[in-house]
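The values are calculated or read from the model by the stated rules, or taken from the named source; none is laboratory data. The model shown is predicted, which means the values in this text are computed figures rather than measured ones. We place every Cβ from the backbone using ideal geometry, glycine too, and count neighbours over all the protein chains shown. For accessibility, only protein heavy atoms count, side chains too; no ligands or nucleic acids. Shrake-Rupley method; radii C 1.70, N 1.55, O 1.52, S 1.80 Å.
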Amino acid sequence: MEPEQHMSISPDAASLEAIQNFKGKFPKQIWLLFMSEMWERFCFYGMRGMLTVFMVSKLFPTLADKDAVANLQYGAIQAFVYAFTFIGGLFADKILGFRKSLYWGGLMMIVGNFIIAASPEKFFYIGICFSIIGTGFFKPNISTMVGFLYKEGDPRRDAGFGLFYSGINIGALLGGILMVWVGKDYSWSLAFALAGIVMIISLCTFVFTQRKLGPIGISPLHPDMPRSKRRGYEIAVYVGSLISLPLILLLVKNTNYTDMFMYIVGPVALLYVFYEMTKYSAVERKKLIAALVFIIFSIFFWAFYEQSGGSLSLFALYNLHDKLLGIPIDPNVVNNSFNSVFIIIFSPIVGIIWLAMSRRKIEPNTLIKFGLGFLFLAGAFYIFYATRFFADADGKTSLNVFTIAYFVITFGELCLSPIGLSIMTKLSPKPMQGLMMGMWFLASAYGQYAAGLLGAGMSVAKENATATEKLIAFTDGYKQLGIYALVLGIVLIAISPIVKKLMQEVH
């Protein structure tokens, strides 16, 4: 009997070698992958943009400290979303393969969004649990497949991830605009249903284009394994996902349990990575240690950057005028979508700049790029802080200055996030790429968790606080984050020679 692993490949599918020997700047498969990821990002960022506003207005409208509670709840939800990408990456590496993981994750996200749409206030937490598991299986695996489009050492890889990052932000832009607008002005149920619809489009896009991926993403199980045993492993993963739903519901609704979970999952995941590292040579272990350095610093980056879904979302709600260059616009639309606008415009340009610098042998190494990312982040938060100097007597400040901060933060993100996705695939042995991509997103989970704590710390505790009091509290916090980001950027640049040695031939 022909092994199922090979049956999953279309007869006219290209070989891996043919895919990786592409001509020009980008492989054609990258366009198909970012089309699928684009719609998933519509769902994810649309949901992210709605969460704190929805919770403040609908879930906790009568709580005196609703802003702090919403920030903590936002951090918990986002932390679980990213924490489960580690688990999704692990199961993709060991059992399902990237494709089946993506199918299962997409299906769970679709179900979750339609559950919330049925009654947002009643079923919000149940639906979110489905989305948490779904994103965990979907998110790390499509990014890892992009890495497989390139041979080791291909200098076009960073530019490819830059293009991929730009493309998927089209989805983030559309989701950031449409879902907040639909939710606030029309119906929260319709907004959540819209997220489910676009996930159906995402999944269908991948289903109808996967044959062009050749062997990329098929099951990692040995081709000689009996079909019944293979099916048994896969069904166990699916059933285990569903059985875990009540536990996730308990953890998400109680942020004290979230604390406990975050204290446990990171160290356990790190120990497992160290165990897996023992199976590889000293050279490969050094590369993996370098990857962990990037992962650890990314936690701090996301803790600051992800204020966009928490405290900055509330800052936009309470403290910003509704005119950008004289044009009326909802400040939360700017907060949720303009970062994506800037990424769409500048990501391909930055990628081309890296390629041009590489040809001239002057491209900075990856750790220097990370350090630059923190310096841009520091500049952006100083601009967020500076909005207080443009405020009127009612505590409302300039949307124009706020937008400039997002312009600056975009370049910080472009120096770190697409480069980070790329470097995980460069530094990891192929059997560990899904796991290490999961670790990259697990770092984001800790960043999201810390973002919720930081955002809650900026919230004014007393009931009926004025807009001016909220403005001062938020901007004081942003000033501190700017200082921390500046220090971290300097540290990264200072240690770059040491980490460069660990990275061996990888740049």
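Tabulated data for the structure shown
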quantity: Inter-residue pairs, beta-carbon under 9 Å, first closer than 19 Å to Lys287 by Cβ and in region 357-372, second among the acidic types (Asp, Glu) and outside any helix (DSSP H, G or I), 6+ apart; calculated: Lys369/Glu363
quantity: Residue within region 86-94 that is at pLDDT 90 or above and either open to solvent by 30 Å² or more (accessible area, probe 1.4 Å) or closer than 18 Å to Leu442 by Cα (or both) present; calculated: no
quantity: Exclusive hit being more than 22 Å from the chain's Cα centre (by Cα), within 27 Å of Ile132 (Cα to Cα) and part of a helix (DSSP H, G or I), set Gly452, Gly438, Gly457, Gly477; calculated: Gly457
quantity: Selected residue [modelled with pLDDT of 85 or more and open to solvent by 40 Å² or more (accessible area, probe 1.4 Å)] from Lys151, Lys122; calculated: Lys122
quantity: Residues of region 179-197 satisfying the condition of being touching a Phe, Trp or Tyr at 6+ places or on another chain (Cβ under 8 Å), among the aliphatic types (A, V, I, L, M) and open to solvent by 10 Å² or more (accessible area, probe 1.4 Å); calculated: Ala193
quantity: Counted residues, region 212-259 - those being open to solvent by 70 Å² or more (accessible area, probe 1.4 Å) and farther than 25 Å from Phe123 by Cβ; calculated: 10
quantity: Single residue of Leu312, Leu324, Leu377 found to be in contact with a Leu (Cβ under 9 Å, 6 or more places away or on another chain), under 28 Å from Tyr449 (Cβ atoms) and open to solvent by less than 50 Å² (accessible area, probe 1.4 Å); calculated: Leu377
quantity: Out of Ile264, Ile299, sole residue that is among the aliphatic types (A, V, I, L, M) and within 26 Å of Leu375 (Cβ to Cβ); calculated: Ile299
quantity: Conditions (1) in contact with a Lys or Arg (Cβ under 8 Å, 6 or more places away or on another chain); (2) part of a helix (DSSP H, G or I); number of the one not met by Leu194; calculated: (1)
quantity: Filtered residue count, region 394-416, keeping only those that are part of a helix (DSSP H, G or I) and of a type in the set (Asp, Glu); calculated: 1
quantity: Of residues in region 354-404 being within 28 Å of the chain's Cα centre (by Cα) and farther than 25 Å from Trp302 by Cβ, the one modelled with the highest pLDDT; calculated: Asn400
quantity: Qualifying positions in region 19-48 - open to solvent by 30 Å² or more (accessible area, probe 1.4 Å) and closer than 20 Å to Trp181 by Cβ; calculated: Trp39, Tyr45
quantity: Some residue of region 321-338 being modelled with pLDDT of 85 or more, among the aliphatic types (A, V, I, L, M) and closer than 21 Å to Ala159 by Cβ; calculated: no
quantity: All positions within region 387-420 that are open to solvent by 10 Å² or more (accessible area, probe 1.4 Å) and over 30 Å from Phe294 (Cβ atoms); calculated: Arg388, Phe389, Phe390, Ala391, Asp392, Ala393, Asp394, Lys396, Ser398, Asn400, Val401
quantity: Selected residue [touching a Lys or Arg at 6+ places or on another chain (Cβ under 7 Å) and either among the polar types (S, T, N, Q) or open to solvent by less than 90 Å² (accessible area, probe 1.4 Å) (or both)] from Met262, Met277; calculated: Met277
quantity: Test result for Asp224, free of Cβ contacts under 8 Å to residues at least 12 places away in the same chain and of a type in the set (Asp, Glu); calculated: no
quantity: Of the criteria (1) at pLDDT below 80; (2) hydrophobic (A, V, I, L, M, F, W, C); (3) over 24 Å from Trp440 (Cα atoms), which one Ile349 fails; calculated: (1)
